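Working notes, structure below.
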Amino acid sequence: MFIRCALWRKKSRVCLKLVILESGAKARTIKKYLGKGWLVDACNGHVQDLPSGKSKGASKAMWSSKSGELPNPPWSWTERAQGVMNKIIAKAEKNNVSDFFIATDPDREGEFIAWRLSHILSSLGTVHRVSFNEITEDAVLTAISEPREIDMSLVNAAIVRRLMDRLVGFRCSKFCRSWRLRSMGRVQTPTLGYIVEREEEREAHTPKEYNSVIVISNGVDCNVRFHESDDPEAWVDDDGKHFPNRTSNTERASQVNDLLNDHRQLTLQDIRASQVKRKPQPPFTTDTMLQNSSSILGWSIGKTSTVASSLYQSGHITYIRTDSTRTNENARLQMRDYVKNKFGEKYLGGGVGESGKKKGNVQDAHEAIRPTNPKISTLDAEGAESDENALYKLIWSRFAASQMSSSVRERRTLKFSCQDIEEEITGTSSWRTHSGWEEVFSWNKKDIQTQPPKIGFNEGAIWAIDKDAILSIDFTKPPRRFSESSIIQMMKKDGIGRPSTYVTTVSKLQDRGYISKEGSSLSPTKNGRLLWTEVAPFYNKNEVYGGGLFSYEFTSRMEDNLDLIENGDANAATKWEQFSTIFRQIHNDALEKRREKPTLRQLQYLESVMIRMDDKQKIQIIGERTLEELTGEEVRNIIDNLGEDTQSNLPPSEKQIAAIIRLLDRLKLDYKEFLANFGANEIGDLTGGRNGSASDAIGKLIEFDRNSPATEKQVNTIISMTDSLSMPIEQAMEAARTESIETITKSDASLLISNLKKTINSSKRKKK
């Protein structure tokens, strides 16, 4: 347990006040605002949570409770948290602290941390909860002067979220291990579903050929319009969308292309004038910030999240986990004043994103992400890192744009004819007449057309063709894979994630080996497909809540319930009881279905065993049925009853074969000579299973590998490390119990390097 302070011994001493933050990165800034009489420290995130690791109850999935009450699990110290709190308490005792101000993040998780801290510190002094959306002097001092009580609605939402995730994570992860998969999660598994289903759509896609002709005249891209929508030959895509500029008639497209190149001119037949206004977008939410930093800066969501956190902790931007587009009125007025002075009155707009109307699947507790000081457009003068400045500029520009006027473009829709061509040729010419909000994005927008074509727009005018027309023969593309930012957009759209979980959910899927990233695209791995297509259906083929536990509908409903609890609109205990009851039903159904149906791995194993059997032996085991017709219980009984003789006929697995080939190549051993030791001519002649000759061969090769000479890299590393320690190489060899560096084995070299590293680190610590 944590250290309890004794009664303050020196009552005559000045009492200091202690502010506890979630992260130490912002401590220096806040200490500067508070001045003398204040201490500032950080708890470094969660201090207590559900039991994990080696703590009591770590393997428990849920805790019982009385009706109408939430479970009260034994909240356990997180890693290193007890030591951190001991130091904080010791500092408080030393400085006669009697007032604790808990300033953890202003969200659900921050409130949970504050709740646990209040339990730890309540016997030591008066505990105050303070929160601020931005780390500015005004915000911090206002929060300190107006402390509040712990918001138990927020805390209860955090508790229920934990209980839900724990129950699903533990029970379902245990279930999926029958397929040798690592885990399942309440939010991560449906997110995986999007990626798998998109990949299946891509694989099912049948490319459809189309032809198009493009011709450029006076810098205007013009398209030949082959078919109208009521034309029987009209070209439509797989979704039934009509494209007038595409045709399946390759011959006709080629003829039109040749005629254009022969005549080399177009006649302007019709001009339609219009004006296009492009409205600015609202300030950033978490998901739009992640998306825009990806498309504009080329950053991963992980990098964006890290840099944004640094900007927030440094006091440059507001809190970064939000679904809201609302902004502080004073901040808007400051930005509008800046825009007016910098660009002029005509650049001011009505403002977007400040209505404050909450839509479905939106967490609206915090305002949008914006600069804390709107008058600072760049951090160059602040000495910020280049990445911080790049993201800050993007955030500042987005907020500035939200208060600016629409950009305006003149647009001309043009219709042309060409001699001997019956098809209509269309094009569009546009040029910007007022930059509006685009002015603050000039750093990202290049080559904006601001003048009409010099030739002008007159009916009957002859426009020369700039260069040869282009006949394009192409095929429809499958739907694009999700990127990190687009999967987050999908999560938000369907309400299965929240700003605090977007980044971690995608990261977990990568860490678990369920998805891989190729460039900016996310694709499912073999295990990811297996989880969604084979395992998740055990839970999803259920009538409850629109399709089951991992359906998008059910997950969204649960997220909405958490929001209701957070806002004080629903009873936490009631919602938890409803969820746990539904889960128990779905989970029991899944267990029953699994008993009825064999797993894919069970079938693969049994198939590998039977592959060397004759028909008579197969009939003795499974009768006249196929493997797919067997129940799960029947397959398990068959496998359990397989004799040693049958198991000895098991061929080596693909994994075993790959391991043997890899090791033989690494050791440069003769295949035939090595396999002869096991009575085999080819690797396929070895027997599989744990006790087969393939397993013995792998064990022997690993032993050979360990005892083979050390690699050149290992030798060079040892020499370098002994030099840094001023240690004779002979002394190192003696420690490794080998004659010389030339004869040391891989295994001994590896152990020696590890020991030398410890010695070097120890030496560094002593010097400090």
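Readers should treat all values here as calculations from the given coordinates under stated rules, not as data from a laboratory. In this text the structure is predicted, and so the values were computed from the model without any measurement. Quick reminder, even Gly has a Cβ in these numbers, built from the backbone with ideal geometry, and neighbours come from all protein chains shown.
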Scanning the chain for helices, which whole DSSP H stretches are 30 Å or more long along the axis (Cα) and average 0.5 or more by Kyte-Doolittle? 152-176
Which three extents, in whole angstrom, do the alpha-carbon atoms of the stretch 381-437 cover along their principal axes, largest first? 66, 24, 14
Using only the alpha carbon atoms of the stretch 651-708, find the Kirkwood hydrodynamic radius as the inverse mean reciprocal pair distance, in angstroms to one decimal. 11.1 Å
Sequence gap at least 6, Cα distance under 8 Å: using those rules, report the relative contact order of the stretch 17-159 to the nearest whole percent. 25 percent
Cα atoms only: what Rg and Dmax, in Å, come out for the stretch 258-325? 22.8, 66
Would you please give the FRET efficiency between Glu251 and Thr504, computed as 1/(1 + (r/R0)^6) with r the Cβ-Cβ distance and R0 = 56 Å, to the nearest 0.05? 0.50
If you consider only alpha-carbon coordinates, what radius of gyration and Dmax does the stretch 712-767 have, in Å? 10.8, 34
Trypsin sites (Lys or Arg not before Pro) restricted to DSSP loop in the stretch 240-290 with at most 12 other C-beta within 10 Å: Lys241
Could you let me know the centre-to-centre spacing of the stretch 700-752 and the stretch 485-552, using Cα atoms, in angstrom? 46 Å
Report the Stokes-Einstein translational diffusion coefficient (µm² s⁻¹, integer) for the stretch 191-272, Rh taken as the Kirkwood radius over Cα pairs, at 37 °C with viscosity 0.692 mPa s. 212 µm²/s
Please work out the C-alpha center-to-center distance from the stretch 231-278 to the stretch 68-147 and express it in whole Å. 66 Å
With every atom except the alpha carbons ignored, what do you get for Rg and Dmax of the stretch 17-159, in angstroms? 15.8, 50
Calculated percent of Cα pairs over 47 Å apart (choose from (1) 21; (2) 45; (3) 29), label: (2)
Rounded to the nearest 20 debye, what is the charge dipole size of the stretch 391-520 about its Cα centre when +1 sits on each Lys and Arg Cβ and -1 on each Asp and Glu Cβ? 980 debye
Give me Leu752, Leu34, Leu531 ranked fewest to most by other Cβ atoms within 10 Å of their Cβ, as a rough exposure proxy. Leu34, Leu752, Leu531
What does the extension gain come out to for Phe170 and Gln604, with contour length at 0.36 nm per residue minus their alpha carbon separation? 153.6 nm
Assuming R0 = 51 Å, what is the FRET efficiency of Lys60 and Lys700, from their Cβ-Cβ distance, to the nearest 0.05? 0.75
Computed E for Ser386/Lys342 - FRET, C-beta separation, R0 25 angstrom, nearest 0.05: 0.60
The stretch 457-600 pair-distance distribution - Cα-Cα, 10 Å bins, rounded %: 9, 25, 28, 16, 7, 7, 5, 2
Low-density loop trypsin sites (Lys or Arg not before Pro), the stretch 645-729, at most 15 other Cβ within 10 Å, DSSP non-H/G/I/E/B, are Lys668, Arg690
Could you give the C-alpha radius of gyration of the stretch 286-405 expressed as a fraction of 2.2 N^0.38 Å, taking N as the number of residues it contains? 1.03
A chain fully extended from Glu422 to Lys279 at 0.36 nm per residue, minus the present Cα-Cα distance, gains in nm 47.6 nm
Measuring from label point to label point, each 7 Å out along Cα→Cβ, what is the Asp670 to Asn458 span in nm? 9.2 nm
Test of understanding: what is the full-extension gain from Glu146 to Arg202, defined as 0.36 nm times their sequence separation minus their Cα-Cα distance? 14.6 nm
Could you sort 496-503, 112-119 so that the peptide with the highest average Cβ count within 10 Å comes first and the rest follow in order? 496-503, 112-119
With a cut-off of at most 14 other beta carbons within 10 Å, and DSSP calling the residue loop, which trypsin sites (Lys or Arg not before Pro) in the stretch 415-465 qualify? Please list them. Lys445, Lys446, Lys454
Residues whose built amide H sits under 5 Å from the amide H of Thr433, excluding neighbours closer than 5 in sequence, are Val408, Arg409, Glu410
